[in-house]
Each structure stands twice: as C-alpha cells, then as structure tokens.
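The structure appears right after this line, and notes come after that.
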Amino acid sequence: MSMKLYWSRSNLPVVLMEKFQSNQVQHPSLQKQHRGSAFQEVDLHCETNNKPHHTNSVSVNQLIVRRGQPFSITLQLTKPFNPDFESDFKYGFQPTHWSGSYASFCKAASHGQRWLHDHYLAADRVVLKDPPIAITVSDEARVNQILSILRDADRLDSLELDLLIGSKHSRQVLKSGQALRRNLTLVFLKIGCQTRKCFKLGVVPYKSEERTLLSDFQRHQDQLHLFIGLDLHSETNNNQHRTSEISVKELIVRRGQTFQLTLRLARPFRPTFDQLTMTAVTGGHPSENLGTMSRFGVPDKVQCSGSAKAVWRAELQWSSSPETGVLVLDITPPASCPVGEYKMSAKLGEEERDLATLCVLFNPWCPEDWVFLPDEAERQEYVMNEHGIIYKGVDKYISPTHWDFGQFEEDMVKICMKILDYNIKHKRNPADDVSARCNPIYVSRVVTSMINSENGGGILKGQWGKDFSGGVPPTHWSGSYAILKKWSNSVFSSVKYGQCWVYAAVMCSVMRLLGIPCRVVTNYQSAHDTNKNLTVDTYYADYGVREKKSKDSVWNYHVWVECWMRRPDLAKDSKYDGWQVLDPTPQEKSDGMFCCGPAPVSAIRNGDTHLKYDVPFVFAEVNADCITWLVKRDGSMVNIETDNIKIGQNISTKCVGTNDRMNITDSYKQKEGTEQERNVFQYALTRLENEGEGETCAGDEKVGNGTNINNGSNENATNDQICSSTAPPQLFIRFAPMSMLMDGEDVSLQLILNSDSSATKRLSISVAVQAMRFSGQPAGNILSETLEQELLPGKDLIVPILVPFLAYHKYMIGCESMNISAVITDQQNKNHLFLAETRIVLMKPPMSITVFGESRVNRELIAEVIFQNPVKEILRNCSLTLTGSGLFKGELTTRLPDLLPKNRVRVKFNLVPYKSGERTLLVDFDCDSFRDIKNSCTVIGWDLLVLESQRSGFLKVRSPSTVMFLYFNTPESNHEFISRRTRLH
C-alpha cells in the first residue's frame, strides 16, 4: 500500500520525521491503534522524497520533508486493507501528534537543548537534529555574541573552543571541498571561568558549497544560562541607605527607598516582547496576601494577587542597554513591607534564577515609614550613634556611665534576625509573625520579650542578688555587642547576668540596628506598682531601719528605652505618635509575656491609662503616690507620710549631639505640686477603676490600734526637711555631707535639726545606715544607733554621723548607694514622730586613660591606663576589660597581678582601630574589693602613629589583639619596678 500525507497547518515548524524501523511503526498514534502483526514492512522512500523536498543535501538516509508538500511511504500489511478504517488511519497521522509548537518540541528534545531554546535569538536560524545541534550564524558579530555567551557562562572551569574559520578570523564563503580545506585555519581559544568541567566545541566542515559557521554543542549546554551576570552595587547602595557601617559586601537596604542592581543577559532584552519577572520573598511561608512575597518586574505588567500587600517596584534605568542585554534596575521595597532577610529571584522566558539575599530594615528617613523621624540630628543620634550614656546613681547624685551600643558591628544583622526568628510568636505561627514585622509596634514588643530570658530563649538572665556564679555581675558590661555575640555563639543560651540598664542598652542596640530610633531613659525614684492602684508602700521600724518587705517598691533608678513610631492603632489624628516607652526588664506580664510597651509618652503625661500597651504600669513608675509607714514594736503601723512628689524625679537621657544630660521629666508628667498634676492623677485612677483594672486608693487602709497619723514631707537632699502635720511648732531636718563621698574612705555627714518652737525639746534620735541595691531593697544594715539630744529654741542641733570604711566596705561591694535615715521622737509627746532619709552615692576611686597621638585605620595606637590602690589592703583578682566599637571586636579581658596597698599600676596597650571616625574606648577595672570601676575616652583622628621604643624592665602582657605593658609604682617615689614577670591571659 502506498499513500501520500499532507500537512495542512501552515503554521507548523520544520521538524524531523520520526524514524520508521522494519516491522514497527514508531509514532505513538500508529502504535496505539495498529500495534501487533498488522505491519510487516515500511519503505519511507527517503532519497525519492527528499529530492523534491530539496532536503537530499542534508541526508538521503533520513526522511526530511517540508510542510505543505506531499511525500510517499509504502506500508506492507499482514492482512487486507479495509477502507472502513481509513478515518481511523487518517486520525493516527494528525499533525498535532507529530509535533506541537517549536517550544514544546524543544522541551521534548534531548538533554542540553534547554539553553538553545532560551538563546536561539542569538542565531539567525536553529535546526534541530539528533546531536550535533547546528546554529546558523550569518556574521562575525553574531559569532562573537555566541562566544560571549559561552565566556560568561557560570559553573565552567575552563572552556577550550576549537574554531575552524578563515585565516583572517572572519567568516568566508567556501565553494568546494578543496577550497574548504585550503582556506581554513585552525585557531584555539581557551576561556577561563569558574567551572567544574571543561569541554570542547568544534566546527568541522565536511561538505562542499557555501557553508556557515556551525557550533556543535553536545553534553554541556545545560551549564549555560540566560542570566550571565549580576552586580548588586552593595557598597554604593549601602552608602545611600546609610548601612555601609554594617557592611559594604552584603546588600542591606531600607524600605521605602530605591536601590539599584545590574543584570546582564545573554541576549538582547526587548521590553515590548519580553517580560522580566522578579520575586522577593521573606520567611518560610511566603504569601502575597500576607505581604511576605511580592512579584514585580519590567515592564510593570506582572499579574499579582488582588489582595497582595507590600508590592515592590522595579524600573528600567536610563543607563540600561537592553540591546546588549544590560539591564540597570531601580528596585523599591515599599515602606510597609516586613523587615527581615529576603531572597530575590528573576525569571525571563522559561529560565528562573536566584539573584541575591538581602536584608531590609526600617527607614526613619522615609516619610511613609511609621518610624520616620523628621530631624536629621536626632536620626544621627538615635539611629546612627554607636555610643551612648546611661544615667545611674540616685536623683541627687546622678552618675553617667558610658555605653558602647555597637549596633553596626560584625554579624549584628544576623544576630538581630535570629532574635526575631527565635521569639515564641514565630514558633507558634511563623507565617503571621513574619507578616507582622511590617509593623514597628509588633516588632518592638517582640524584641522587648526577647531581651530577657523569662519568656524562654531570651538574651539576658537577670540577677538582683549577690550570687553571680556561672556568669559576670551586670556591672561588668560596658557594651551590647559582647552580650549579643555571646548569646549567638552559645546557640542562643541566655547570657548571665543583666539588670535594668543592661536590658535597656542591649535593646537600644537591636532597635537602632533595625532602623527604629531609640534612646535609653533613666527614671529616678521609680515606683514598681504591683497591684495597679497607683500607690506604693514602704515600711520603717521605729528605730529607723526598713523593716517590712513590700511587693511594691521604689527603685533608686530604673532604666528603659523610648522608641519613635506612629500609633495609628490608638488615634487617627497622630495624638499618640512619637516616643513610646518599652521596658525589657522582666517585671510584670503583658498579654501573658514578660514585656512592657510600647506605651505612648503623651498618654502617660495625660493619664490615659486605658490605652495599650501597659500605660498604667509606666504611669505609676513616674507618678505614683508614695505612702510611708512606721512599724512600731507592738506591730501597729503609723502613716508617717503620703508623698505625691517623690516618685519620678529627673527623668534623664543623653542630649542630641553632645554628652550632656537632658531632663525630660516634663514630657512624662505635669509639673509637680500643681493642681493640673493632681487632676491628671485622679483622671488616671478613675480610668483604671472604670476599666476594672485597678483597685481603690490605699487611703482606705487601716492604721493599727487607732494610733494618730502624723503626715510629713521628705526630700532626699542636703536641704531635706520633714514637717509634722500637727499644729506648730515644726521640726526641720536635713543632712549635710562633710567631705567628698568616696568609696575607700570614711563617710562623714551631719544631721541638722531646727525648730521654731520657743521651748526646749528633748528628742530621741535613731540613726540607721543601710547598703541599698539600686532596686530599692536593702543589701545589709551597716550601723544603727540611738541617742537623746536637746534642741534649744532658735538653735541648730548638729548630730555627727560617721560611717567608717571598714564598717561599710563589705556591705557596699556590688551596691551603688547608701541609705541614711533618722527617726526622731518628741519625748514630751511620743505621738509626734518624724522621719528623714537621704541616699548617697559613693564615688569610685579614680582611674585615668590617656591615648598617645593619633592613628590610622588598621594601624597601631598606644593607650595607657593608670589606677592606684586607695586602701590599706591588697587588691586581689584584678582584671582589666577593654571594649569599644571600631577599636575592639567584642571585649578583651586581661588578668592583672594583685595590687599592693597604696601601689599604682600603669598599663600600656596597643590597639588597632578598624573603623574610621570618632570612637570611644571604654575601660573596666575589677577586683574583689572594688567592682567594675569604669572610665572612657574618645579616640579622634586617624594619622599614622610611630610607636616609640619601650624602656626595659617592663612587664609584657600579650592577649589576642593587644600587647600590654605594665608598670608598678610606690607612692613614696617615682621609681618604677616589676614585682614579677608573668604571662597574662
């Protein structure tokens, strides 16, 4: 049987006829309907068919036909042919079963042809055959283009290319086989790339007449890609996004701000025909509806979900060269996208490639971002400044402590991303947690809960006692980076130990790194109101010592942070935008977790205690009423004082651009003593009662045994006084220091009493001295004494108070303040009781730091520390800790020899600055007798320092990044000596 087959579809491409072998038809349609012994033999008449189809120059052994033109085949069957089956037979030869579109045929082709499908436009024509594959190229420019594709292909170690071209290295027309052999010159071209393998491409002419250059790709075409180059411009982008302090190698950008990247393609990009689709995803469950995945591209025709959130944008820059495949793209993550680590990919045609991993941060420079801070000086201070000051001490003895935030140190981005990923909300619902990271309110609460360890897996473990085994005292720390790095290196085990200022400082570092403006704030005389009734109670025994513990407490100071952000969740009119209180110290639970805030400072000032988050707790910290009770020997209590001024004094933070202290008390509360302040207090209490969150005021408490209540007033300064609430005469009391209050020396004060009474008063005076922790709890009773004195009319009664060093020393180790109180009883009227107290802070022994000369980045700099033992005992277990971002990576601690009484140690050390600009060197000297004496100095300038030769007779100390030279002096002479030579670690 002989038959002719016609291809009726004019849009079908040129394809290769499937081979027919003896006794079997290979086409699946024929196999399906006519399998078995029906076919005995087939004759394709290849030579006869190819000649009229003008394909005999290609082959005479394979059937190659052209569409729209008939060809003949002969089938020999095992049985007679029934015309009734003709329709079925015709169906078996429907052209759709021979081949689909060109693309589908490419997909079905043998391995390696994917590259040709994506890049065929680089050639004039592609003919698919059973390997080799022929690429027809018309001119030298196209040849060079293909070579460029090969040269830039990734994953290639080296590429050895054999080219058979004309002697002048250009395309030539060859007329005959002899001319072909004579005129071709063999040229070897080796191209080195980063690859695992090498392969050879050859062009071997084997026929006469005019030929074109053919490249034979056989096994490694799958290693060639459409995307052949990517430049993230990390250094340029990071400079523009103000993240170059973090890194110039990794791409770190801020949301709402454009960054640029360059894509190099293997072929021209045609914006009217091509669609470059890019995808940015974050988290393990990316979703357009959650804002954790965005699809965008060039041109802007990418179909997105109708409910897609946080859609990114891409624009083709004018400096692009699409005709050469160079695309310079401006990419903008929206100001509402979640912060975190993103993976970005691109797709063009059928090829998709991962482009980069980048980090997106909040942007206080972007007006659309909720953390936008309008003032540039404040942005530099509260986002970019790596150095700060934390205020400690008591309200009348404020002590500044320098702190190294180090938010731009190595690996800080990775550490902060781990903090977000490790929080308990992420473990419960990772998709929603990552999506919510678009909101600084949510992120700030997450970070607050992660700074402390009470919620599991947090950074710092708190300790307010004296047992610091397994860690270091909170006073040891001078910077955040060492803590965060230790937490990260220990596989997220909590670092031991921290207290409120350490919690706040570490959180400030994390928030500044994330791009949220943040500052550390200290509140003096800070109340801890556990029952939300806006009052705190303190108890004294009638001999002056704090007797009864209370769940409420008044801390010498408490430290938290303020973060700047909008609060549209509270009001649409921006009423509560601005600074928000966040407190990472674990005190009370909020929504089932130990965290606090964000509480708007404006809401605290106005008494809006019904607002979230935790406004009542913070309001009480700065504005609670303090009730002081006297516990008598028979157990009864007398309300000595109700003080509505004491709480919330000298609320302080560092000034912008300087190291001065800024008092921000007025932003938290109305002026004390005014009617407006009392009205706000009553409004706040009423809102709590109406909301059912608070209890009635402590004025309903009963006084034991019906004893009369004598109210007084008290201020903790040298002009402090206390007045009886009964009719005059009144008693005035104040404390006055007699000398500078220095740790290591005796403490001498005077208690001065005066009365306007015209009669002599006989008074019983009970004086007590206690060592106090900063949390307001006594650490030990240093001394107490009772004496009787007469107060003459119009005269001052001066009672000297001497606290010897030997008496207070062991109690004050690890304590920052000393509480001195006096209870005075009128012997002629024992119901008249008076209480006065003051808290003093002992200054630490001096330690000096000197930096010699100036230095350049990565060049040595010499510094010197001098400390003298102020007491008549040996200082044991001495150590020196150095830290400072840009100067040391983390902290460096070195053990020192014991220091004899009144001796001086002088330590010289080399350091190598690795960041430019103004840096702060922080030094901590620690020993058994004096815990964590601190000092700091500023290192400015980067000129080369020529090191001077050292004198002989020094003690040399080597440590990982510094060399130290120790000198010891006796105070009696300037002679320097070495007690022993040792190696310190």
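Filtering Ile389, Ile398 for residues that are at pLDDT below 95 and within 30 Å of Asp577 (Cβ to Cβ) leaves a single hit, Ile398. The condition of being open to solvent by 30 Å² or more (accessible area, probe 1.4 Å) and of a type in the set (Asp, Glu) does not hold for Glu409.
Collect the residues in the range 642-671 that are under 21 Å from Ser553 (Cβ atoms) and either among the hydroxyl-bearing types (Ser, Thr, Tyr) or open to solvent by 50 Å² or more (accessible area, probe 1.4 Å) (or both), keeping them in residue-number order. The answer is Thr642, Asn644, Ile645, Ser652, Thr665, Tyr668.
Check whether at least one residue in the range 570-582 is in contact (Cβ under 8 Å) with a residue 60 or more places away in the chain and charged (D, E, K, R), and report yes or no. No, because not a single residue in the range 570-582 is in contact (Cβ under 8 Å) with a residue 60 or more places away in the chain and charged (D, E, K, R).
How many residues are free of Cβ contacts under 8 Å to residues at least 60 places away in the same chain, part of a helix (DSSP H, G or I) and surrounded by fewer than 19 Cβ atoms within 10 Å (Cβ to Cβ) if we restrict to the range 426-445? Number of matching residues: 3.
Residues that are more than 19 Å from Phe405 (Cβ to Cβ) and crowded, with 19+ Cβ neighbours inside 10 Å are absent from the range 512-520 altogether.
Tallying residues that are in a strand (DSSP E or B) and surrounded by fewer than 20 Cβ atoms within 10 Å (Cβ to Cβ) within the range 356-386 yields 2. Scanning the range 324-331 for any residue that is among the hydroxyl-bearing types (Ser, Thr, Tyr), open to solvent by 60 Å² or more (accessible area, probe 1.4 Å) and out of contact with any Gly (no Cβ under 8 Å at 6 or more places or on another chain) turns up at least one such residue. The set of residues in the range 898-931 being assigned to a loop (DSSP other than H, G, I, E, B), open to solvent by less than 10 Å² (accessible area, probe 1.4 Å) and within 13 Å of Cys878 (Cα to Cα) consists of Cys927, Phe930. Would you mind stating whether Thr881 is in a strand (DSSP E or B), open to solvent by 10 Å² or more (accessible area, probe 1.4 Å), within 22 Å of Pro845 (Cβ to Cβ) and at pLDDT 90 or above? For Thr881, the condition - in a strand (DSSP E or B), open to solvent by 10 Å² or more (accessible area, probe 1.4 Å), within 22 Å of Pro845 (Cβ to Cβ) and at pLDDT 90 or above - is not met.
For the range 598-614, the criterion of being buried (at least 22 other Cβ atoms within 10 Å of the Cβ) and under 21 Å from Leu835 (Cα atoms) is met by none of the residues. Thr522: part of a strand (DSSP E or B), polar (S, T, N, Q) and not assigned by the TED database to the domain that holds Glu816, yes or no? Here the answer is yes, as Thr522 does meet what is asked.
Between Arg295, Arg313, Arg254, the distinction of being open to solvent by less than 30 Å² (accessible area, probe 1.4 Å), within 30 Å of Pro430 (Cβ to Cβ) and basic (Lys, Arg) belongs to Arg254 only. Suppose the filter is closer than 20 Å to Val561 by Cα and touching a strand residue (DSSP E or B) at 6+ places or on another chain (Cβ under 9 Å); does Asp375 pass it? It is false that Asp375 is closer than 20 Å to Val561 by Cα and touching a strand residue (DSSP E or B) at 6+ places or on another chain (Cβ under 9 Å).
Here the range 765-793 is the region considered, the condition is being among the aliphatic types (A, V, I, L, M) and open to solvent by 10 Å² or more (accessible area, probe 1.4 Å), and the residue that is nearest to the chain's Cα centre (by Cα) is Ala779.
The values are calculated or read from the model by the stated rules, or taken from the named source; none is laboratory data. On a predicted model such as this, the values are computed, not experimentally measured, just so you know. Here the Cβ is made from the backbone with ideal geometry for all residues, glycine too, and neighbour counts use every protein chain on show. The accessibility values were calculated without ligands, DNA or RNA, using every heavy atom of the protein model including side chains. Shrake-Rupley method; radii C 1.70, N 1.55, O 1.52, S 1.80 Å.
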